[in-house]
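Below: one structure, written as structure tokens.
The values are calculated or read from the model by the stated rules, or taken from the named source; none is laboratory data. All of these numbers come straight from a predicted model, not from anything done at the bench. As a convention, Cβ positions derive from the backbone with ideal geometry for all residues, glycine included, and neighbour counts pool all protein chains shown.
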Amino acid sequence: MNWWLLALVMIALIVASKLIHFKHAKHRVFTLLAILLVAFLYFSFTTVVQSHAIDLKTAQGVFSASKIYFSWLGQAFVNVKEISGNVIRMDWVPKNASMTGAATSGSSDGW
């Protein structure tokens, strides 16, 4: 049932964007990013709620789901930040290679 609702919303957004005939590419990019953001939030929320078997029909269940989801989302951003930092700190220059890319033996000139 949830998949149908999301598919219907996405189709409605796509049809609306086609009917409006955006004149600039940045509007299309913004629309695409908005659709992707909504899809990400929907799928991540439903995944977290289903994995914790939370009942969204009660106020306590909604509060609990919100608490768990925002905790999960915050940890996801921390993980992305940590991975990005590790990628930046990596040494991407190959060791023992000349300017042409051929390996040299014993050269320690920093390339």
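The set of residues in the range 67-98 being closer than 30 Å to Asp55 by Cα and either surrounded by 11 or more Cβ atoms within 10 Å (Cβ to Cβ) or not hydrophobic (A, V, I, L, M, F, W, C) (or both) consists of Lys67, Ile68, Tyr69, Phe70, Ser71, Trp72, Leu73, Gly74, Gln75, Ala76, Asn79.
Filtering the range 56-71 to residues that are part of a helix (DSSP H, G or I) and among the hydrophobic types (A, V, I, L, M, F, W, C) leaves Ala59, Val62, Phe63, Ala65, Ile68, Phe70.
Are any of the residues in the range 46-55 assigned to a loop (DSSP other than H, G, I, E, B), at pLDDT below 90 and at positive phi? There is at least one residue in the range 46-55 that is assigned to a loop (DSSP other than H, G, I, E, B), at pLDDT below 90 and at positive phi. Taking first residues from the range 31-56 that are surrounded by 14 or more Cβ atoms within 10 Å (Cβ to Cβ) and partners that are not in a helix (DSSP H, G or I), the Cβ contacts under 9 Å between residues at least 6 apart in sequence or on separate chains come to Thr31/Phe22; Val48/Ile54; Val49/Leu56. Of the residues making up the range 32-69, those that are of a type in the set (Gly, Ala, Ser) and within 18 Å of the chain's Cα centre (by Cα) are Ala34, Ala39, Ser44. Candidates are the residues of the range 1-14 that are among the hydrophobic types (A, V, I, L, M, F, W, C) and modelled with pLDDT under 75; the one that is farthest from Gln50 (Cα to Cα) is Leu13.
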